[in-house]
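Worksheet: the structure to be examined is printed underneath.
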Amino acid sequence: MKFFLNKFIYPLIESVIRNIGGGAGQRIRYFYYKNRFKACGSNVRIDVGVVFIYPDSIVVGNNVWIASYSLVTGYFKDKPKANRYVIQKKNLNKNILLNTLVIGNNTSIGPFNIISGYGGLSIGNYVTTSARVSIYSYSHMPSVKKIPNLVTYANSMVEGKPISCISSPIIIEDGVWLGLGTIVFGGTIGKYAFSKVNTVITNNIEANSVIDGNPSKKIGERFTNFDK
């Protein structure tokens, strides 16, 4: 029964309610997804075109807005595949549930975001992501460093050939603002950090930092007299 619901009934319902406009559409999607999420708070706004994958592993707090046409992927426990090489990076911050995507209170996810919680992702309270932000806690790698002569591929449709992946738990702490087009591939982004347009983040970011570039570099402090 669960298989039938997940493969047929839920996708059919979601395709119908996904593009209902206005406040009515937001309310319909809220009442539907609050029963599909692992946990869901109050005053959650889900705009048109938002797609959730594996919603039963997603936790959403209070006063959360997920803007139009974002793709939000939770965690799915897949069976190990013999042809898949996975690098498992560690995040020393223990405030993360590796099998859960958490979106905290008073947080806004911008339009056209890609939020991948497959490798473990915790988004704190009062976080803002601008338009076209991409957060990847699980992605593909161009090669396997331990086997440099191994030819690998980078999409899940490849059968019988080696695929190289990386799992990188991500923590975005309270008050962070990710600017337009920012891409995050791993690490902890400290409280109140701010990324400028098209920044690429691959490592830990200090609290209250202003960062820019690819790879990201600290170029200043966001607030003065900030107590870390």
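Every number here is computed from the coordinates shown, using simple stated rules; none is lab data. Remember, it's a predicted structure, so these values are computed and weren't measured experimentally. Every residue, glycine among them, receives a Cβ derived from its backbone with ideal geometry; neighbour counts consider all protein chains shown.
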(message) Order 30-41, 113-124, 8-19, 133-144 from most to least packed using the mean count of other Cβ atoms within 10 Å.
(response) 113-124, 133-144, 30-41, 8-19
(message) Nearest 500 deg cm²/dmol is fine: what mean residue ellipticity at 222 nm does the chain get from its DSSP H runs of n ≥ 4 alone, each adding -39,500 (n - 2.57), divided by its residue count?
(response) -2500 deg cm²/dmol
(request) Check the straight Cα-Cα distances from LYS77 and name the aspartates and glutamates below 14 Å, setting aside those fewer than 8 residues away within the same chain. (result) ASP56
(request) Please work out how much length the chain gains when fully extended from VAL86 to ILE219, using 0.36 nm per residue of separation minus the C-alpha to C-alpha distance, in nm with one decimal. (result) 44.5 nm
(request) Beyond 30 Å between alpha-carbons counts as too far, so tell me which of LYS38/LYS191; LYS38/LYS218; LYS2/LYS81; LYS7/LYS161; LYS81/LYS145; LYS90/LYS217 fall in that bin. (result) LYS38/LYS218
(request) Sticking with the crude label model, points 7 Å out along Cα→Cβ, report the distance from SER139 to ILE13 in nm, one decimal please. (result) 3.4
(request) Report the dimensions of the chain along its three principal axes from the alpha-carbon atoms, largest first, rounded to Å. (result) 54, 44, 28
(request) In nm, give the distance between the simple-model label positions of VAL158 and VAL197, each being 7 Å from the Cα along the Cα-to-Cβ direction. (result) 3.5
(request) Just add up the charged neighbours of VAL158: K/R +1, D/E -1, any other residue whose Cβ is under 13 Å from the Cβ of VAL158. (result) +2
(request) With springs connecting C-alpha atoms under 10 Å apart, model the chain as a Gaussian network and identify which of TYR153, TYR69, TYR192 has the largest mean-square fluctuation. (result) TYR153
(message) What distance in nm separates the two pseudo spin-label positions at ALA24 and LEU5, each 7 Å out from Cα along the beta-carbon direction?
(response) 2.8
